[in-house]
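Working notes, beginning with the structure itself.
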Amino acid sequence: MIMTSITNTTITIIPEPVELKKINGHFEITKETMLFVGEKLKKVEEYLQQLVQPSFSWRIPVSTKRVKTNYIDLLICEEDQELGEEGYVLSSTKDGIRIEGNTPKGVFYGIQTLRQLLPMEIEEKSQIQNIEWVIPRVTIKDYPRFEWRGFMLDEARYFMGTEVVKKYLDLMALQKLNKFHWHLVDDQGWRIEIEKYPKLTKVGSKRELKQKRGEIANTENPNIYGRFYKKSEIQEIIQYAKDRFIEIIPEIEMPGHSSAALAAYPELSCTGGPFEVPTRWGIFADTYCPGNDEVYEFLKNVLDEVIELFPSKIIHIGGDEVPKIRWRSCSKCKEKMKKENISKIKDLQVLLTNYFATYLESKGRRLMGWNQILDENLVNNAISQYWLGKQRETISHIKQGRDTVITKYLWTYLDHPYKILSLKKAYRFEPIFSKLGEKHHSHIIGIEAPLWTERIPNEERLDWQAFPRLIAYAEIGWTPKDKKDYKSFRNRLEAFLKRLDILGINYATMKEAE
Ligand code: ACM
Ligand code: ZN
């Protein structure tokens, strides 16, 4: 195996840290290096051990006291305002490495930086011989620009499964991304077990497989596409995410993008159906009937099971692309409008969104939806996800002190071809609206990159669409705006991609991506 040259330890961290001072020299982790683990850091220690053990071939021995030489110290520091909840300080001297944060999460991010300071062979899953596990001597003080640094995966169109999701959670951690928005429900598939309504998965997770798009049936029947997550699998994934300080935000679409649910329970639509789980993509006229009280009961029961499963404070209810055509000729919808004294058909969606915002709040959760939920009568506590249109409403929502996550359509959608959204363009993206006064900036809580899978039937393609662009968004989410520099990013990316090679990620080449 390659010997890492001590003198050639250039520093290539992504996302670029806030402050980094390099000092001549290095520190080498050897079998004699002792680990001291401060209070509340047991889980973080275990993560570190699992990270290094395969390639080191040893677990770092733990000392009950801090030692003066040849050490790695993981510590919760005296409250440091500047570091906030996610920041850390990493310093390496000739004697050892110290990582400190206000919280275990901060220390965890320090470990991700340590990981990138170590030779890339740290990513190998088997023992590496003849290598010096050296890191350059540095002092790094680091904390994120935005609290929301997200990635969204659509598994309704194509189901990727537990192993792929775990792989992405690992890759998110490496980039200090912290929100996994899990799009589990859409027209073409319902992918989460709901015990009270078994047909949601029995019927709603399956669609006819036309085999036109190079898809592979992931069911026993080669003519049927569709699987779903059992609750036990979801619990396992939630724990895996938690160990990596990633919050999972589940998305249950309503009232549109609901064909899969309506195929299972057509009585929840305006017309009564019948419906099939569609095999084509697009926007479908049939939605849940916002005039039907049973719809509210059904969705409440679904959300109850979702809340029980997911600890996330935030529950996403979709709300995008809702045709109102069926509502206009539905007697229940008309009756509801009369009863609620509503004059405009669009207000039925506002009614439904507000109903669930209030319901979720009563359960200690917060509603999030795509920007089509925005309306002057929307309740205050909803978080909006800005993607397309409604920019005026989005800015007004922000000015009223409401929170927004930015996922601008032509700038952050990972499903776009590189010809439309090159790596360079992705890196150029700035989430804060240029016309927004500084005092409102804090209500843009962050950035997210969605990966819709209509044209992504497998893992290989998923990797190719996501990488390297996701790495650019990770830097936008973390690094101070004035430190963004494409040339520097590109240089650091070269080293980062070598890690992805070891991890077996099928990323787009620079030639393809730029
Ligand atoms: C969306 O892309 N339909 C939110
Ligand atoms: Zn209706």
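The values are calculated or read from the model by the stated rules, or taken from the named source; none is laboratory data. In this text, all values refer to a predicted model and were calculated from it rather than measured experimentally. Every residue, glycine among them, receives a Cβ derived from its backbone with ideal geometry; neighbour counts consider all protein chains shown. All accessible areas refer to the heavy atoms of the entire protein, side chains included, with ligands and DNA or RNA removed. Shrake-Rupley method; radii C 1.70, N 1.55, O 1.52, S 1.80 Å.
Of note:
- Built amide H within the under 5 Å cut-off of residue 209, gap 5+: 224, 225
- Dipole of segment 1-147, positive end: most advanced residue of 62, 117, 23 [Cβ charges, Cα centre]: 62
- Amide hydrogen neighbours beyond the local backbone of residue 270, cut-off 5 Å, H modeled: 287, 289
- Unpaired cysteine residues in the chain (no second Cys Cβ under 4.7 Å): 77.
- A 1.4 Å probe run over the protein chains yields, for the chain, 42 Å² of accessible area per residue, whole-number rounding.
- Relative packing of peptides 287-299, 483-495, 317-329 - highest average C-beta neighbours within 10 Å first: 287-299, 317-329, 483-495
- Neighbours of residue 15, meaning other residues whose beta-carbon lies under 10 angstrom from its beta-carbon, give a summed charge of +3 when Lys and Arg score +1 and Asp and Glu score -1.
- Unit Cα scatterers, Debye sum, the chain: log10 I(q)/I(0) for q = 0.05, 0.10 Å⁻¹: -0.21, -0.81
- Between 295, 150, 433, the Cα set farthest toward the positive side of the dipole of the chain (charges on each charged residue's Cβ, about the Cα centre) is that of 433.
- 3J(HN,Hα) along segment 164-173: 5, 4, 4, 4, 5, 5, 4, 5, 4, 4 Hz, from the Karplus curve 6.51 cos²θ - 1.76 cosθ + 1.60 with θ = phi - 60°, whole Hz, x for Gly and Pro.
- Distance between the 7 Å Cα→Cβ label points at residue 391 and residue 514: 2.9 nm.
- Backbone geometry of segment 391-399 corresponds, through the Karplus equation with coefficients 6.51, -1.76 and 1.60 at θ = phi - 60°, to 3J(HN,Hα) couplings of 5, 4, 5, 4, 5, 5, 4, 5, 5 Hz, x marking Gly and Pro.
- Each residue of segment 42-58 was assigned a 3J(HN,Hα) from its phi angle through the Karplus curve 6.51 cos²θ - 1.76 cosθ + 1.60 (θ = phi - 60°); the sequence is 4, 5, 5, 4, 4, 4, 4, 4, 5, 5, 8, 4, x, 7, 5, 6, 9 Hz, with glycine and proline shown as x.
- Of the peptides 172-178, 123-129, 245-251, the ranking by mean beta-carbon count within 10 Å, highest at the top, reads 172-178, 245-251, 123-129.
- Look at the Cα gyration tensor of segment 260-413: its axes a ≥ b ≥ c give a/c under 1.5, and that counts as rounded.
- Based on C-alpha pairs under 8 angstrom that are at least 6 apart in sequence, segment 447-512 has a relative contact order of 48 percent.
- Separation of segment 103-129 from segment 392-442 is 31 Å, based on Cα centroids.
- Projecting the Cα positions of 327, 396, 357 onto the charge dipole of segment 314-405 (unit charges on Cβ atoms of Lys, Arg, Asp and Glu, taken about the Cα centre) puts 327 furthest along the positive direction.
- About the centre of its Cα atoms, segment 255-319 shows a dipole size close to 320 debye [charges on the beta carbon of Lys, Arg (+1) and Asp, Glu (-1) only; nearest 20 debye].
- The chain - charge dipole about Cα centre, Lys and Arg +1 at Cβ, Asp and Glu -1, debye rounded to 20: 920
- Charge context of residue 326, other residues only, Cβ under 12 angstrom, K/R +1, D/E -1: +3
- Whole-number D in µm²/s for segment 20-122 (Stokes-Einstein; Kirkwood sum over Cα pairs; 10 °C, 1.306 mPa s): 115
- Taking the Cα centre of segment 128-186 as origin and assigning +1 to Lys and Arg Cβ atoms and -1 to Asp and Glu Cβ atoms, the resulting dipole is close to 300 debye.
- Prolate/oblate/rounded label for segment 337-406 (Cα gyration tensor, a/c 1.5): oblate
- Carbon and sulfur %, accessible surface of the chain computed with the full protein complex present, 1.4 Å: 49
- Taking amide H positions as modeled 1.01 Å from N, with prolines and chain starts lacking one, the residues under 5 Å from residue 192 and 5 or more places away or on another chain are 229.
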